[in-house]
1. Would you be able to say whether some residue in region 338-345 is out of contact with any Ser or Thr (no Cβ under 6 Å at 6 or more places or on another chain), part of a helix (DSSP H, G or I), at pLDDT below 85 and not hydrophobic (A, V, I, L, M, F, W, C)?
2. Return the residue satisfying two criteria in turn: it lies in region 244-275 and is modelled with pLDDT under 90 and either touching a Lys or Arg at 6+ places or on another chain (Cβ under 8 Å) or of a type in the set (Phe, Trp, Tyr) (or both), and of such residues it is farthest from residue 303 (Cα to Cα).
3. Starting from residues that are open to solvent by 50 Å² or more (accessible area, probe 1.4 Å), of a type outside the set (A, V, I, L, M) and not in a loop (DSSP other than H, G, I, E, B), keep the ones in region 181-201 and report whichever is modelled with the highest pLDDT.
4. One residue is enough: does region 168-180 have a residue meeting the conditions modelled with pLDDT under 80, crowded, with 17+ Cβ neighbours inside 10 Å and not in a loop (DSSP other than H, G, I, E, B)?
5. Given the conditions (1) free of Cβ contacts under 8 Å to residues at least 60 places away in the same chain; (2) surrounded by fewer than 19 Cβ atoms within 10 Å (Cβ to Cβ); (3) out of contact with any Gly (no Cβ under 8 Å at 6 or more places or on another chain), and given that residue 61 satisfies all but one, which numbered condition is not satisfied?
Amino acid sequence: MTLILIIVYLSFISLGLPDSLLGSAWPAMYGELGVSISSISWISVITTGGTVLSSLLSGTMIKRFGTARVTLVSILLTAIALLGFAFSGSFLGLCILAIPLGLGAGSVDAALNNFVALYFKASHMSWLHSFWGLGATMGPLILSFFIARGSWENGYLAIGILQLILVAFITSSLPKWKQVENKDANDVSEAEVVFQSKKSVLKKSGVKLSVLAFFLYSAIETTTGLWSSTYLVEYKSLAPEVAARWTSLFFLGITIGRLVSGFLTYTMSNKSLIRVGQLICAFGGVLLLLPFSDLFSMAGLLFIGLGCAPIYPSMIHDTPNRFGRGASQSVMGLQVAFAYVGSSIMPLIFSGLVSFSTIGLFPVYILLSVVIMTLCSEKMNTAVKSELLSNK
């Protein structure tokens, strides 16, 4: 069990490593590739499309091949894509390589989240998502080391090799994964673990509301990360370098918050952590909206990050409890897929609003998203509770 847990933690770092690479490397890449700076959106869209598709297919794939093999192949696809980025030399090649990059990311995300939700305590879910943040932080740092020496390609090469090393570890541990699953199977009834397809789980009470809650959570996290600096510069008249530092408070809040919430899981339920996170998030949005000193904006971003911290891991970990162990992988695939859709679509919708109105709508947009997410979450809790009572 300890070996598997170590590998899962390493896998979450691996999951975070590629997520922040493209944006960090693009200023050094697009000139060499002979494309415009806006061409990054094509690679991003293709990657997201692959991620959503593989998330939706993850339940079927895991039922057939098992979590360990799906994780192994997914990370291998990611490694191949990253190594391909290092040697491609053309924009078209990068677009083609974005397909396996997205396919690998979506499957491993859904697979590992469900595996941890089924077999490990809630504390590990929060800490694991902190390790994702560690990977997302390490990626640009590794890349910047090589860019400073004149080669972004070597940065991708180094991270691709790290992924291959992880593939070797997972390959050597395949029998251990099965032992964890078999041990758990002896502790639960057969009815609890019968696999349920996406078509069947969509009929379960609360699943659609849960998917919408994940959509909105990712919208809040991504929109805040993408637009907070612009809001601070354009609306609050801060210098760009100051705004960038303040935006980092949002990500710092998420990282610290997930470390702390891992310990809070010993005294608080997932449902309570989600509610507390939503309240803190809303409080941060109000601070950002108030027309007071810049310190309120700084505190607002920090509180939004702290509020976001427990929500996603707690919603993920509570999935088997809400919808049953047999339904969890299919529901997880839907949740992860729509989380990626939300992180792609909602910031674009906000950019459209800004073009017709003003960047001053940013706190309102975040607050509205938090309120709707909270309403969906509470209505889902009521629906799940009603179904449990009716089945007794």
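1. The answer is no, given that none of the residues of region 338-345 is out of contact with any Ser or Thr (no Cβ under 6 Å at 6 or more places or on another chain), part of a helix (DSSP H, G or I), at pLDDT below 85 and not hydrophobic (A, V, I, L, M, F, W, C).
2. Looking at residues that are modelled with pLDDT under 90 and either touching a Lys or Arg at 6+ places or on another chain (Cβ under 8 Å) or of a type in the set (Phe, Trp, Tyr) (or both), I get 246.
3. Applying the filter and picking the extreme gives 182.
4. Yes, region 168-180 has at least one match.
5. (2)
Residues are listed down the side, and each one gets a yes or a no for (1) of a type in the set (Ser, Thr, Tyr); (2) open to solvent by 40 Å² or more (accessible area, probe 1.4 Å):
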site	(1), (2)
307	no, no
312	yes, no
346	no, no
350	no, no
360	no, no
378	no, yes
383	no, no
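One line per residue, one yes/no per condition, for (1) under 21 Å from residue 323 (Cβ atoms); (2) surrounded by 16 or more Cβ atoms within 10 Å (Cβ to Cβ):
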site: 52; (1), (2): yes, yes
site: 95; (1), (2): no, yes
site: 114; (1), (2): yes, yes
site: 145; (1), (2): no, no
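The values are calculated or read from the model by the stated rules, or taken from the named source; none is laboratory data. Just so it is clear, the structure is predicted and the values come from calculations on it, not from any experiment. Note that each Cβ is placed from the backbone with ideal geometry, even for glycine, and that neighbours are counted across all protein chains shown. Ligands, DNA and RNA are stripped out before the accessible areas are found, and what is left, the full protein with its side chains, is counted by its heavy atoms. Shrake-Rupley method; radii C 1.70, N 1.55, O 1.52, S 1.80 Å.
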